[in-house]
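Working notes for the structure below.
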Amino acid sequence: MMEQVERIQVPQGPLFKFGVREKAIIAIGLFATVFIVILIAGSLIPEDSLDVDLYNIFASPSLAHPFGTDWVGTDMLLRTITGLYLSMKIGIFCAVTSAIIAVLLGIAGPIFGGKIDYVISWLVDLVLSVPHTLVIILVSIACGGGLTGIVIGVTVTHWTSLTRVIRAEVMQVKEMEYTKISRKFGKSKLFIAREHVFPHVIPQLVVGTVLIFPHAILHEASITFLGFGLPPHEPAIGVILSESMKYLTSGKWWLAFFPGASLVLVSMMVENIGRNIEKIINQKTAYM
Amino acid sequence: MDKQPILQVNNLGISFSQYTKGLHRVDLKVITNLDVELYEGEILAVVGSSGSGKSLLAHAILGILPDNAVTEGEIYYNGKLLTPEDMERLRGDEIALIPQSVNYLDPLQQVGKQIKITIKDHEHQDEVVSDIFQRYGLKKEVENYYPFQLSGGMARKVLLAMALVSDSKVIIADEPTPGLDEASINEVLKDFRDIADTGRAVMMITHDIQAALKIADKIAIFYAGTTLETANAADFEGDGSRLRHPYTKALNRALPSNEFVPVAGTQPLPNELPHGCLYSDRCPKKTKKCEVERPRLKEIRDGKVRCLYAT
Amino acid sequence: MRLRAEEISFKYNNNDKYILEDIDFSIESGEVVGLLAPSGYGKTTLAKILAGYEKPTSGQVVLEGCESRNNGYAPVQLIFQHPEKAVNPKWKMRKILSEAGMPPQELIDAMGIKESWMDRWPTELSGGELQRFCCIRVLSEQTKFIIADEMTTMLDAITQAQIWNVVLTYAKKHNIGVVVISHDACLINKVCDRVVSLTGDKRDVISPHIETNQISASC
């Protein structure tokens, strides 16, 4: 009789009461599906489907070729998807690698402190103080160009801001009373890093990683466009764009428009996924 | 009583729609059947333990609860039922809040300017501000300080000054005493008494019953989201036998200046409220009836109490 | 066993004013000593120094009759004023309670902690409920001294009496020394064997008898 739990269920009519979480999950689900579909589609397109069809060069967008065709008659939709597929693979790889570097350095700095922290902060400042594009070009050339060069270049430049965010979070948690109490209970630094600090870093890490992705693919595309990234035979968006420059003046707008817009849309989608994950994870908005 | 309350809260309930796990949402009833009456020239202290949701009462009156809150019950101001629009119009003008900390001030605006916003008489703004600063011993240059530059004591005075210049009829102070030493507390309390003596109504929300007893005319005892009793401050004098509710009596006895005896058990959490009287699981006078029936507020000896057996 | 502070001085930076200057203080096992001082006097700093959370600028804190252990469970434990800052918001209550080992069930019951609270997050409980957890965490065989810095200032009177009751009973039984830091003279008067008053720029250690009388007058 006593202790009776007074939990009243909110009527969960799926159509009329959407909370923050439902909206965020719908957005994430939608965009993630599009993302995955592009990935799968990209992996399914065989190399030889990008055939030369000289009877059909420079076809403007039509039902048969929604994105038009290029100077050798290849379907631009197929080229765009293959390009996005490559960009997304590079983006995912760079985001994950950058995030791993950021976690290791971001936690190690404050936990070990002293010279280690100083060196890490100095590295972050150093990388941040030089324009990204420039560093990527330099690193890319230094590493022999091509896929390896651009991947290393983008990774080397994108771990910094996340490292800063994580470092700040760790510094804050380290100063919290519960962390200090834990020390007085005889807990080791490793225990504190793992049990007290790490759970606070996860939200920043997840959101941060997702948000690195759009940066990474846009940088990759722009460097490739400038001719310092992927070689011309790769099916990259950057290559397509720089190639299209030659024909733009003759009115072949679709060569640049569709691939470019697709790349921007993919970046915006992922950015949106990141923001929505943040909404769900953030304690201030998560429960409303 | 023939006097009409300036502010009357009837049967207020506040619940929050919250996610628990995944998409599962529950309504968390934080305030239930809360009644409070505030009269002009009077100080009412709402006393309850910290983190028990009593600040929500102030936020409900001002209409500044977060979006996921659902309220029920009525709030009357001067006998008129308040709508959300009324609350927006009245807050800051007729009903002023003295918040817990300077965090409620705009960090990027000088405090003098922020105080002036609340003054309706635009021509005499400067004089009003310098008058009030003089009264509280604040130097002229404090007007140009940003909130982060204020010391603890100064901040309190600025917040107080802000509520005073607004010509509000009702002042709600949320936890005005923590972090202050005895002397400063007494100073703040004296200020409230002075404000009330000019005919305004003061509602002081606090966890510190000893501070409340020093100046308040009436004490509303807040427990598990409701007011169990509204007593006159004088009822606490002596052995507290004039108090009406078993919880209030226990609270009085638990004071270090009295017997310092605890009561077993704890306040129920918002989603574990007993079905009947909210104090039934700790009450020595509990009967079967208490477990099934929520007592209504009844008037006994010039006070109000929510207990079936109060005498 | 005795916890002794010898000529403790403290300041944050080299040029700052001293927050504490030449404080001497000592407490024996099993004693309950009140520290009374106006706000802004550095009571919290002193509490942190006694518990080893801060290092004094000069002077030292010694624990006589106890072999020094640098990394294990600290024999001097501090209970903070704001329990919501002393618990990790990402941990559930059960994990918080058992961080230094699960306390015996009798203690948990005596403190009025309900089983249903154990699977909750700290944000779901009020300050009074959280402070019960924070207190019980340090009631262990290994604790020799407890520093209670405004431990129950933010709580209602019943919870305050409840918590003190449990803490003091345990301390007496296990011969733990308790330093009670509070602005509430009545509370100190009620729970302490002896009161030390830090006032003005001179510290004076007043004998329990005189001080108790002085306080009762104001209560």
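The values are calculated or read from the model by the stated rules, or taken from the named source; none is laboratory data. Bear in mind that the values here come from a model prediction, so they are computed numbers and not experimental data. Note that each Cβ is placed from the backbone with ideal geometry, even for glycine, and that neighbours are counted across all protein chains shown. Note: areas computed on protein heavy atoms with side chains; ligands, DNA, RNA excluded. Shrake-Rupley method; radii C 1.70, N 1.55, O 1.52, S 1.80 Å.
Below is a table of values for the structure above.
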| read-out | value |
| --- | --- |
| Residue list for the stretch A:221-230, restricted to those being open to solvent by less than 40 Å² (accessible area, probe 1.4 Å) and not in a helix (DSSP H, G or I) | A:Gly229, A:Leu230 |
| Residue ID - surrounded by the fewest Cβ atoms within 10 Å (Cβ to Cβ), chosen from residues in the stretch C:83-104 that are more than 9 Å from chain A (Cβ to nearest Cβ) and either part of a loop (DSSP other than H, G, I, E, B) or charged (D, E, K, R) (or both) | C:Met102 |
| Residues that are open to solvent by less than 10 Å² (accessible area, probe 1.4 Å), over 20 Å from C:Ile158 (Cα atoms) and assigned to a helix (DSSP H, G or I), drawn from the stretch C:128-144 | C:Val138 |
| Selection count where residues are part of a helix (DSSP H, G or I) and open to solvent by 50 Å² or more (accessible area, probe 1.4 Å), scope the stretch A:106-132 | 12 |
| Considering residues of the stretch C:146-171 that are surrounded by fewer than 24 Cβ atoms within 10 Å (Cβ to Cβ) and among the acidic types (Asp, Glu) only, the residue nearest to C:Thr45 (Cα to Cα) | C:Asp149 |
| Failed condition for B:Ser257, given (1) touching a Cys at 6+ places or on another chain (Cβ under 8 Å); (2) away from chain C (no Cβ under 11 Å) | (2) |
| Candidates A:Gly146, A:Gly186, filtered to the one that is on the phi > 0 side of the Ramachandran plot, within 14 Å of chain C (Cβ to nearest Cβ) and either open to solvent by less than 50 Å² (accessible area, probe 1.4 Å) or in contact (Cβ under 8 Å) with a residue 24 or more places away in the chain (or both) | A:Gly186 |
| Residue identified as within 14 Å of chain C (Cβ to nearest Cβ) and outside any strand (DSSP E or B) among B:Ala183, B:Ala161 | B:Ala183 |
| Considering residues of the stretch A:169-183 that are in a helix (DSSP H, G or I) and open to solvent by 50 Å² or more (accessible area, probe 1.4 Å) only, the residue farthest from the other protein chains (Cβ to nearest Cβ) | A:Met171 |
| Residue count, the stretch A:68-104 (criterion: open to solvent by less than 40 Å² (accessible area, probe 1.4 Å), of a type outside the set (Val, Ile, Thr) and in contact (Cβ under 8 Å) with a residue 60 or more places away in the chain) | 15 |
| Criterion: more than 30 Å from B:Pro66 (Cα to Cα), of a type in the set (A, V, I, L, M, F, W, C) and more than 29 Å from the chain's Cα centre (by Cα) - qualifying residue of A:Ala41, A:Ala59 | A:Ala59 |
| Flag if A:Ile166 is open to solvent by less than 40 Å² (accessible area, probe 1.4 Å), in contact with a helix residue (DSSP H, G or I) (Cβ under 9 Å, 6 or more places away or on another chain), at pLDDT 90 or above and within 29 Å of C:Ser98 (Cα to Cα) | yes |
| In the stretch A:70-81, the residues that are over 21 Å from A:Ser250 (Cβ atoms) and touching a Gly at 6+ places or on another chain (Cβ under 6 Å) | A:Ile81 |
| Checking A:Ser140 against (1) touching a helix residue (DSSP H, G or I) at 6+ places or on another chain (Cβ under 8 Å); (2) at pLDDT 90 or above; (3) small (Gly, Ala, Ser), the condition it does not meet | (2) |
